[in-house]
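Here's the structure we're looking at; comments come further down.
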Amino acid sequence: MTITPFAFLQRLLIRFGVFVPIDLSIDKANLGGREYGRIRCTDECCLGENSGCGHASQKINLSKTDEMPRFFFLPSLLGPGEPTEVWTYKTSDSWKTTLCHSILFPDGVPPGLMERITAAVLSDIYFATGPNTRNHNHHGGAATTQLIPQSLNREINHNRPNSEEQKLHVREILCWRAAFFLKIGMENMCPDGEIRESVVEIFCHLVDRESHLCVASESMGVGMRRLILSAKGQVGDGGKKIWNGGHKIVFRAVKRVMRGYGGLEFEKQIICPECLQKKPVSQASTFEFNQIRSVTLNGDETMRCQCGHLVDAILLTGFFDHQQKRNVSAQSKLADGEPIVPVTDLLGAVVLVGLWDEKSKKVIRAGSGFIVDKKRGLIVTASHTLMNIWGEEGSPFGEDYFGSRHGKVVIGVIPRSEDGNSLDGTTTVFRYFAKIIVKDDSIETKGVCHMDACILSITTRMEEDVGGDGDGCGDQPEILLLNDPDKMKREKLQQLKVTVNCELDEQVRILGYNQGGEGLRGRGEHLNRTADFARGYVVMKFATDEYAKGSLRQEFKPREEIVVMCYTIGGHSGGPCVNQQGEVIGILSRADSAEKHRCYLVPACEWKPLVKKAKKLSLF
């Protein structure tokens, strides 16, 4: 192959990190204080700027072996400046976490360190996410391997997601002299064939102990500096989406640069993610990297930091080869412990909650709930079964029954035997109608939902019980029960006790009516009326400032949640989670999209005030 001196020099500068190839088709780039983004023109008059000059757009085709990158970034030309509000170690979502690795320099930092790291990271990201990485030959070779050394090409190929169903896309690049920020999206193919994107935010910076972004600064001495690499994303499945979503590429690039400094004294550390979330970052606990590595390789799952927080070793190291041991251990943990109060003693208070559409005469959504006050006929259930709290299109936010004028709630209970002393099986019949009487006040006052819970009040009883899919509920005459204590008493309802106390690793059970999917009934689908339960254990109690940014959805910002490892399925939503004593510690809100046996509960302390308010609305 013939190569010109200019092309050789260009490749040489790329090889040694002087030139860093940049893809300007990303959504946002700020390099050295200058804004770049989706370019529309490659003419000199507007090269690299979204100037809107009207020239024809031209895409860069890097899939051809005879083409070179057209745009380059020189890290050495970065001017001074510090990131101000680009990063926080905190997160307002219980399904997110922040991984943080640190290199502590006790005697100063070698010159040009951050420049080399920035060049290495951006180069690796470019070659791992650019179009050339998606057009491989049958031998696995990249189309433009001439631009990078063979050893680096092997590492980039190793960094790239293994599955063809996963693709990385750089959303943002922000660079300063001593820091850079990346936002990377990864496409994931779901079992139903739908493609969803998970987003990872990565921040790397070199700081001294005076910086407000310096972790564990209280343990640092004068003159010490830290190189801190952080990544924020989905915690489920051992943080696999964080590592595969770009963090592994950056982590290995930093590691490769540090190997080039022979004889340099430094200490590799990992910061406790629980400390970052719950304490001032300056007081966060640290682990020696080799210590965590040894724990993981020995098959242990967890370690405790100096503050007592229990942390996941695989999450911190990304050693997913040891995940199978963890799954076996989790299964055995779910089977441990015999409950004091058996499930059969609790099912009488667990109800099937259906959204009844008067117009179509059908139950169109189904979830679970439980009776919290048998005297007044009050039921606790998940709001999302009966209203739009996610901000989805197609129905107004926060309106009862998804804004339908023909909607109301139908309640299924397990009938009792003729003597009334025991349940007659585990299958419900539709017996009552109910209405929503209390929900989260912030839905109407702030346009935001802080808890996935609402309170229902039983209003009427059908003259005859209805089975099947509930299609006959609309044909039954109704007997008024609302505000009639004598009639309500004759119904012999059962209620569950509630507690606001729960402990980490506590054994729990989630009770409900499994519908599969999201509890949404499709045409021809059968409605399950048989109760079941799932065992689990508490792994985290999460609380955040209600005004924190970056929540799951703009309209849904839970203040407190309990995280439970428990295999649940759609339809369990709203079902009670009980401890070994049969006391309700919370209701099921949702499962983690990455780790289906990781579930999120609305704690009892959140919805107990709603129950109190509902009791005050009652006339007795």
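Taken together, the values in this text are just the output of simple stated rules run on the coordinates, not laboratory data. All figures in this text were calculated on a predicted structure; none of them were measured in a lab. For neighbour counting, all protein chains shown are included, and Cβ atoms are generated from backbone atoms with ideal geometry for every residue, glycine included.
Report note on the peptides 95-102, 443-450: ranked by the mean count of other C-beta atoms within 10 Å, highest first, their order is 95-102, 443-450. Remark: Leu12, Leu511 ranked as Leu12, Leu511, counting other beta-carbon atoms within 10 Å and listing the fewest first.
Considering only alpha-carbon pairs that sit under 8 angstrom and 6 or more positions apart, the relative contact order computed for segment 343-617 is 22 percent.
Charged neighbours of Gly412, selected by a Cβ distance under 12 Å, balance to 0 (K, R count +1; D, E count -1). If R0 is taken as 30 Å, the Cβ-Cβ distance between Lys596 and Lys279 corresponds to a FRET efficiency of 0.45. Once the C-beta distance of Ser219 and Lys492 is scaled by a Förster radius of 56 Å, the resulting FRET efficiency is 0.35 to the nearest 0.05.
Write down the percent of antiparallel bridges among all DSSP beta bridges whose residues are both part of segment 343-617, to the nearest 5. Bridges in segment 343-617 are about 95 percent antiparallel.
From least to most packed, judged by other beta carbons within 10 angstrom and beginning with the fewest, Leu378, Leu347 follow the order Leu347, Leu378.
For segment 343-617, the dipole from Cβ point charges (+1 on Lys and Arg, -1 on Asp and Glu) about the Cα centre works out to 480 debye, to the nearest 20. In segment 343-617, a dipole from Cβ-located charges (positive for Lys and Arg, negative for Asp and Glu) runs towards its positive end, and of Leu527, Thr344, Gly468 it is Thr344 whose Cα lies farthest in that direction.
Stretching Val341 away from Glu85 to a fully extended chain increases their span by 87.1 nm, per 0.36 nm per residue minus the current alpha-carbon distance. Exceeding 18 Å between C-alpha atoms, which entries from my cross-link table qualify? They are Lys361/Lys487; Lys375/Lys435; Lys278/Lys608; Lys96/Lys608. In this structure, Lys361/Lys487; Lys278/Lys608; Lys96/Lys608 exceed 18 Å between Cα atoms. Secondary structure note: in segment 185-322, about 100% of the DSSP beta bridges are antiparallel. With a cut-off of 11 Å between beta carbons, the residues surrounding Leu482 carry a summed charge of +2, where Lys and Arg count +1 and Asp and Glu -1.
Only Lys, Arg, Asp and Glu carry charge here, each on its Cβ (+1 for the first two, -1 for the last two); on that basis segment 419-505 has a dipole of about 380 debye about its Cα centre. Residues of segment 493-507 with amide nitrogen under 16 Å from the 7 Å Cα-to-Cβ point of Thr426? The answer is none, because no backbone nitrogen lies closer than 16 Å to the label point. Annotation: extensible slack from Gln306 through Asp475 equals 54.5 nm (criterion: 0.36 nm per residue apart, minus Cα-Cα distance). Placing a pseudo-label 7 Å from each Cα along the Cα-to-Cβ vector at Asp441 and Glu267 gives an inter-label distance of 5.0 nm.
Among Asp237, Asp484, sorting on how many other beta-carbon atoms sit within 10 Å of each Cβ, with the fewest leading, yields Asp484, Asp237. Using θ = phi - 60° in the Karplus curve 6.51 cos²θ - 1.76 cosθ + 1.60, the 3J(HN,Hα) couplings for segment 495-511 round to 10, 10, 6, 10, 9, 9, 9, 8, 10, 4, 6, 5, 6, 9, 9, 10, 10 Hz; x is entered for Gly and Pro.
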